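The values are calculated or read from the model by the stated rules, or taken from the named source; none is laboratory data. Values in this document were obtained by computation on a predicted structure and should not be read as measured data. Using ideal geometry, Cβ is built from the backbone for each residue, glycine included, and neighbour counts are taken over all protein chains shown. With ligands, DNA and RNA removed, areas are computed over all heavy atoms of the protein, side chains included. Shrake-Rupley method; radii C 1.70, N 1.55, O 1.52, S 1.80 Å.
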Amino acid sequence: MSTEVVGLGRRRFLNTAALTGLTLGVAACNDKPETAPAASGPSAAAPAAHASSATHLKPGELDTYYGIWSGGHTGDMRILGLPSGREIHRIPCFVPDALVGWGLTNESKAVMGTKPDGSLRYTVADTHHTHASYKDGNYDGRYAWINDKINSRIARVRLDYFVCDKITELPNVQGFHGIFPDKADPVDPAINYTTRVFCGAEFAIPLPNNGGDINNPEKYRSMFTCVDAESMEVRWQVLIDGNCDLTATSYDGKLAATNQYNIENGVHYEDMMSSERDACLFFNIARIEEAVKAGKFKTVGTSKVPVVDGTRESNKDPKTALVAYVSVPKNPHGVNASPDAKYFICAGKLSPTATVIELSKVLDWFDGKLPELDKAIVAEVEIGLGPLHTAFDGRGNAYTTLFLDSQVVKWNVDAAIKFHAGDKTAKYVVDRLDVHYQPGHINASQSETRAADGKYLAVGCKFSKDRFLPVGPLHPENEQIIDISGDKMVLLADHPVRGEPHDFIIFKRDLLKPKQVYDINDFPLAIKDSKESGVTRNGKKVTVKITSQAPAFSLREFTVKKGDEVTLILTNLDKIEDLTHGFAIPKYNVNFIVNPLETKSVTFMADQPGIFWCYCTHFCHALHLEMRTRMIVEA
């Protein structure tokens with residue numbers, strides 16, 4: 001392991017024992033870095049005018065970039081504009097949302113998944129990572145995906161309408177954490193777009209997890225999962241030693257990777273840190289799919305998903321191996337692909353190091369051309385305390401968050417490689433910037449594409465402490481925006497955000513072409529003419545068809561009987577952009593919206609007799625308050 005020449009004397013991390021490392025790390029939280037400029041110093045004060053012009057847009061001025069953010073425990077996906085940092089939209093995925101009626105309408109419940117009684121199977125979530133589909137090494141504006149760590153679900157969002165359209169629960173795993181789509185097909189070069197999404201499971205469990213082997217942790221295993229990007233069905237899984245943390249994919253489609261802590265397979269935290277080196281696993285996608293096609297797999301429990309063997313013992317021969325285990329220090333957190341398509345970078349977390357792995361050398365190992373797999377490591381350099389995640393500017397520089405130092409460090413990849421190779425004059429650390437406080441995820445504009453442009457960087461800080469007005473014990477987190485267009489990083493803005501968001505991507509706005517009005521033909525239940533409105537009965541089941549067109553609903557009232565099962569179908573016939581209607585029924589727990597030419601339905605029991613004024617909840621017209629209909633429930 002190499003050592004940075006300047007500025008790391010105080011930061012040297014003694015990772016000789018896990019508990020010693022933890023103690024030192026906690027102490028370092030209260031120790032201000034010696035070499036970093038103070039937040040109130042000249043480097044922070046000088047660019048104030050630039051910060052104002054960059055992030056405070058004029059009225060009517062649009063942001064240059066979209067940002068797609070995870071929503072944390074709210075279970076949604078958030079859409080931001082950059083560089084302003086303004087939150088534009090929230091897309092509910094895994095958790096009910098009162099604004100749009102997600103989890104209430106029949107259509108959304110079908111996406112979310114229900115129990116036999118029709119209630120939602122899950123109402124909590126923990127979203128961490130979100131990524132989007134690719135074509136030719138850049139985003140193509142079709143889809144984005146987001147994970148739910150708690151219940152091992154993956155959701156897909158259509159980026160034409162910014163709505164979640166599919167959710168899949170992964171079998172045989174717990175703690176589904178890392179997620180990344182492929183960028184090209186591993187075999188067919190003509191398929192230069194996303195067809196798969198890879199998912200890493202963080203927690204090892206008995207397989208099948210049905211009560212057996214619960215006291216035999218040595219038998220616990222994790223899975224690496226491949227999901228079809230279009231059907232959202234699980235294609236295959238790989239059984240591995242240890243667990244998965246985050247995920248990355250190569251630009252040629254040949255390799256997917258997960259960095260891995262807890263190769264010890266420990267069930268207590270001290271056991272998870274006993275090894276000085278963990279691993280970054282590389283999956284040879286073409287070989288895995290050949291093995292599945294040849295029937296060289298098993299299944300687990302009641303799942304029919306093919307599972308291939310990716311354990312160390314079964315993958316020693318490079319020419320037949322499905323998985324390669326590159327060693328990295330220590331409890332790494334983050335693996336990221338450089339825009340030049342050459343390297344994956346793992347950050348050490350409990351080691352002050354970043355490890356640069358050359359992908360062509362990993363492929364050489366699979367081909368039997370590299371005798372030692374760890375020779376694929378072309379740099380392993382110290383950058384600071386608690387390195388977690390890395391972004392890129394497209395100019396050869398990497399930007400890594402230092403959780404314990406509360407900094408972002410800018411370092412040059414080529415210089416790091418030279419330093420590792422023996423050139424001790426190579427100054428690989430370019431700049432450091434204090435952030436506030438304990439940064440986690442980081443990303444830069446277009447960073448995870450071949451078109452990385454090095455304009456802006458965002459960093460998610462897990463603690464805000466004194467940055468905002470106090471609001472009681474629960475503090476917001478702090479999303480900070482940084483200008484990285486010059487040699488020095490410049491902090492532009494702070495934005496409070498409700499916890500706990502994680503990962504995000506930032507890309508140019510012209511890569512998306514969202515539709516402002518729905519196509520009414522996309523909805524099988526659509527009521528295309530208000531004359532089709534009415535009430536029909538089939539025994540105790542009643543269907544109410546109704547349309548909205550500002551400022552009125554097509555039915556002035558409708559009548560049902562106590563004990564009826566009522567399905568209400570509502571189509572918004574307005575064709576004007578931004579003319580959304582809502583529909584609420586007091587005392588019946590019904591409230592949802594329909595956007596222009598959209599159709600939604602709800603089903604409920606008419607169990608309370610009386611008069612119930614159904615009203616529009618989304619301001620739509622000067623006569624919005626008068627836009628009502630009566631539901632009459634006869635006793």
Exercise for the section: Kindly establish whether A248 is in contact with a helix residue (DSSP H, G or I) (Cβ under 9 Å, 6 or more places away or on another chain), of a type in the set (A, V, I, L, M) and within 21 Å of A132 (Cβ to Cβ). Expected result: no
Exercise for the section: Go through segment 383-396 and count every residue that is surrounded by fewer than 24 Cβ atoms within 10 Å (Cβ to Cβ), touching a residue at least 60 places away in the same chain (Cβ under 8 Å) and either in contact with a strand residue (DSSP E or B) (Cβ under 8 Å, 6 or more places away or on another chain) or charged (D, E, K, R) (or both). Expected result: 1
Exercise for the section: Name the single residue, out of those in segment 598-619 being buried (at least 19 other Cβ atoms within 10 Å of the Cβ) and among the charged types (D, E, K, R), that is farthest from E557 (Cα to Cα). Expected result: E598
Completion exercise
Residue hits (segment 531-550; farther than 15 Å from A606 by Cβ and open to solvent by less than 50 Å² (accessible area, probe 1.4 Å)) are S533, G534, I546, T547, S548, A550
Exercise for the section: Count, please, the residues in segment 514-557 that happen to be over 30 Å from K455 (Cα atoms) and not in a strand (DSSP E or B). Expected result: 24
Problem - Set S314, S360: member being open to solvent by 40 Å² or more (accessible area, probe 1.4 Å) and within 20 Å of V173 (Cβ to Cβ) - result: S314
Handout entry: F553 being modelled with pLDDT of 95 or more and either open to solvent by 20 Å² or more (accessible area, probe 1.4 Å) or closer than 27 Å to D117 by Cβ (or both)
Key = no
Exercise for the section: Select from segment 149-166 the residues that are in a strand (DSSP E or B), open to solvent by 30 Å² or more (accessible area, probe 1.4 Å) and either of a type in the set (V, I, T) or more than 20 Å from L597 (Cβ to Cβ) (or both) and list them in ascending order. Expected result: V163, K166
Practice task
Confirm whether T559 is closer than 23 Å to T536 by Cα, open to solvent by 10 Å² or more (accessible area, probe 1.4 Å) and in contact with a Lys or Arg (Cβ under 8 Å, 6 or more places away or on another chain).
Solution key: no
Handout entry: Selection count where residues are in a strand (DSSP E or B) and under 15 Å from S464 (Cα atoms), scope segment 492-513
Key = 5
Exercise for the section: Specify the residue that is nearest to L159 (Cα to Cα); the eligible residues are those in segment 85-140 that are touching a residue at least 60 places away in the same chain (Cβ under 8 Å) and of a type in the set (V, I, T). Expected result: I91
Completion exercise
Selection over segment 421-446 where residues are under 28 Å from G85 (Cα atoms), open to solvent by 10 Å² or more (accessible area, probe 1.4 Å) and of a type in the set (S, T, Y) yields a count of 1
Exercise for the section: Answer yes or no as to whether T449 is in a loop (DSSP other than H, G, I, E, B), open to solvent by less than 30 Å² (accessible area, probe 1.4 Å) and β-branched (V, I, T). Expected result: yes
Handout entry: Subset of segment 226-281 that is under 20 Å from the mean Cα position of the chain (by Cα), in a loop (DSSP other than H, G, I, E, B) and aliphatic (A, V, I, L, M) - its residue that is surrounded by the most Cβ atoms within 10 Å (Cβ to Cβ)
Key = L246
